[in-house]
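Report on one structure; see the data block that follows.
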Amino acid sequence: MQRAAAKPAPSHRSGDRTCSFRRSRRSLIAASVGSGRPVRSSARQTLKVTPRTQKRKTPKAAALVNRVETQSVTPPSVKKKTSVAALRSLASNDAAKPSLATDGTLRVVHSISVRPSGTTLRRETVRKRKVVQMPPPMVAPSRMEIPAWMLKECRIEPARAGDQGEILQLLSSLPDAPTKAEFHASVDHPEHDANNRLVARLGGRILGHVEVSPRRIHLCGAVVDAAALDQVAVLPECRGAGHGQRLVKAAERRMRELGAVIGFSRTRIAPSFRELGWSVLGRDGTTVGRPSHILSRILELPARTGEPVTMRQWRHVELPAILRIYKQNVPQFVGPLVRSEAYSRWLISRCAFDSIIVALVGHDRYDLHETTARIVGYAIQDGNRILELLADPEFPGLERDILARVCSEAIENDRQEIIFESSSSDPLHKAIAARDQQRVSGDRMIVAKLFRPLEALRAVAPIVAARMNSEEIRETLELGIDAPDFRGSIIVSKGEATVHPGRVGRSYLRLSDDELVRLLLGQCDPAEAAAAGRLAASTHMAQKLASLLFPRTPLWYPIWDDLTA
């Protein structure tokens with residue numbers, strides 16, 4: 001008899017698990033609806049009880065089942081229907097009635113999150129803003145009292161050989177601080193004298209420095225002995241105690257010992273010099289422009305007529321030709337130095353420049369005596385600065401061609417701007433500056449002081465006589481000058497000019513020493529000075545004679561001579 005195969009018993013594992021979960025969930029939903037207390041519903045909090053779990057039930061699992069059965073679960077459908085209406089009323093009530101925290105701060109409803117798992121209200125504490133207290137108005141700090149030891153009079157004496165390091169450290173605070181190479185190059189100056197470098201000592205420490213450089217300058221076509229005041233410096237902590245004034249006065253005494261008729265200085269502290277009796281002559285003429293714009297403006301001007309020129313870098317053997325062009329241009333200015341060949345070679349050896357461009361007429365060949373090619377112009381550059389640009393007076397307009405060559409090289413070297421430094425009366429300033437751009441004069445001022453007025457007047461007397469002859473004035477002219485440091489007159493008769501000290505005559509000018517320096521150096525307009533009250537004329541003829549004998553003359557104090565290496 002064939003034995004019937006036993007049918008496998010149906011597996012109720014999955015079915016029992018599903019039925020158990022449904023029964024448990026129905027009981028939980030019924031309990032929650034009856035109690036009316038919504039709680040968070042999550043699958044993680046619902047325990048699925050299966051026959052297998054019942055067999056493995058432990059004390060911890062039993063406790064967990066009892067806790068879950070006591071909780072009420074809100075079904076999602078009921079929660080959505082009942083929570084939206086309640087949410088609006090709850091939000092309005094909470095927003096209208098902010099709660100007060102225990103620390104006294106105000107807590108209001110910031111945001112409401114509606115999720116299937118429940119409604120979340122997030123409150124935010126609103127704290128009272130602090131009152132912003134503005135700081136008191138700034139009051140200018142009162143001047144600090146100078147220590148008593150600093151008020152003692154310093155001892156001024158020539159610098160010693162071992163003071164080099166301390167002097168260099170002192171001069172490092174200057175805007176154009178000299179380097180060690182510049183310090184050593186000053187020893188090779190043709191007229192170097194160790195007594196011309198003065199230092200101020202106090203308690204064995206150097207707190208001030210000044211240097212006197214003897215020079216000869218052009219004064220309206222005449223040549224007079226002069227001296228330059230340079231590298232005036234005082235320690236920052238020692239300023240305001242009068243040490244700088246003592247240094248300048250000691251330098252003035254040194255200038256008189258050297259026989260200087262007039263002293264010059266290029267400085268950024270002109271008011272301090274004016275307190276010591278120095279006259280302010282003017283500013284350095286400086287203009288900034290873009291090379292491409294300068295070239296476009298030069299092309300708009302009429303082209304130069306005359307012989308064509310070629311330009312190239314200079315050779316050292318061409319220094320005499322550069323000096324010749326310099327001497328041809330300086331008589332029309334006040335302030336340029338008399339450059340000898342030895343002094344010029346010292347300038348070249350300092351390397352206070354980058355390149356020199358020369359303009360030649362004729363066939364360019366290596367010629368020492370300029371027999372085949374003649375140098376008619378030059379330009380000295382230091383980076384993007386044009387220190388000097390001069391041309392032979394026989395070639396008018398050549399300066400523009402040289403400037404165009406400089407701009408072309410600047411564009412090739414990717415230089416975005418050019419700084420042109422020359423006399424304020426130089427017409428190239430207009431070609432460099434844009435139409436709506438003003439000149440950049442900077443803060444460097446040129447100051448001067450007259451030590452020997454009689455000798456200065458005697459030096460310019462022949463120039464005054466030549467000027468009267470050129471204007472065909474044959475009458476005898478006499479103009480008196482009455483100043484605190486000088487009293488005398490100048491008489492022009494029969495093509496000659498003589499100076500008579502102690503006599504002022506009928507037509508004379510009464511003015512201060514400050515205005516006398518500007519008058520003799522051609523930087524004074526008598527009509528303007530009279531209107532400003534700086535000058536008083538005894539007669540109307542005296543003011544006219546002053547304008548005729550001492551006309552305005554362009555001022556040019558070359559920057560190349562004072563540029564640090």
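The values are calculated or read from the model by the stated rules, or taken from the named source; none is laboratory data. Keep in mind that this is a model prediction, so the values were computed, not measured. Positions of Cβ are generated from backbone atoms using ideal geometry, with glycine treated the same way; all protein chains shown enter the neighbour counts.
Assorted remarks:
- The listed residues are Gly289, Gly277, Gly263, Gly244, and the only one of them that is on the phi > 0 side of the Ramachandran plot, surrounded by 13 or more Cβ atoms within 10 Å (Cβ to Cβ) and not β-branched (Val, Ile, Thr) turns out to be Gly277.
- Output for the range 379-407, where each listed residue is among the β-branched types (Val, Ile, Thr) and farther than 15 Å from Val288 by Cα: Ile380, Ile402
- Residue check for Lys494: modelled with pLDDT under 90 and under 25 Å from Gln332 (Cα atoms): yes
- First in the range 233-250 and of a type in the set (Lys, Arg), second anywhere and crowded, with 19+ Cβ neighbours inside 10 Å, Cβ under 8 Å, 6 or more apart: Arg246/Cys154; Arg246/Ile156; Arg246/Ala200; Arg246/Gly208
- Residue within the range 460-477 that is hydroxyl-bearing (Ser, Thr, Tyr) and either under 30 Å from Gly289 (Cα atoms) or modelled with pLDDT under 90 (or both) present: yes
- Qualifying residue in the range 524-531 (condition: acidic (Asp, Glu) and closer than 23 Å to Ala228 by Cα): no
- Per this entry, Glu455 is not counted among residues that are out of contact with any Leu (no Cβ under 8 Å at 6 or more places or on another chain), modelled with pLDDT under 90 and either buried (at least 17 other Cβ atoms within 10 Å of the Cβ) or not polar (S, T, N, Q) (or both).
- All positions within the range 392-434 that are among the aromatic types (Phe, Trp, Tyr) and part of a loop (DSSP other than H, G, I, E, B): Phe395
- Restricted to the range 185-212, and to residues there that are small (Gly, Ala, Ser) and at pLDDT below 85, the residue that is surrounded by the fewest Cβ atoms within 10 Å (Cβ to Cβ) is Gly204.
- Residue within the range 244-255 that is aliphatic (A, V, I, L, M), outside the structural domain of Arg415 (by TED's automatic domain parsing), outside any loop (DSSP other than H, G, I, E, B) and touching a helix residue (DSSP H, G or I) at 6+ places or on another chain (Cβ under 6 Å) present: no
- Flag for Asp284 being in contact with an Asp or Glu (Cβ under 6 Å, 6 or more places away or on another chain), acidic (Asp, Glu) and crowded, with 17+ Cβ neighbours inside 10 Å: no
- Tally of residues being surrounded by fewer than 20 Cβ atoms within 10 Å (Cβ to Cβ) and small (Gly, Ala, Ser) across the range 213-228: 2
- Lone qualifier among Asp561, Asp514 - being surrounded by 14 or more Cβ atoms within 10 Å (Cβ to Cβ), in contact with a Leu (Cβ under 6 Å, 6 or more places away or on another chain) and of a type in the set (Asp, Glu): Asp561
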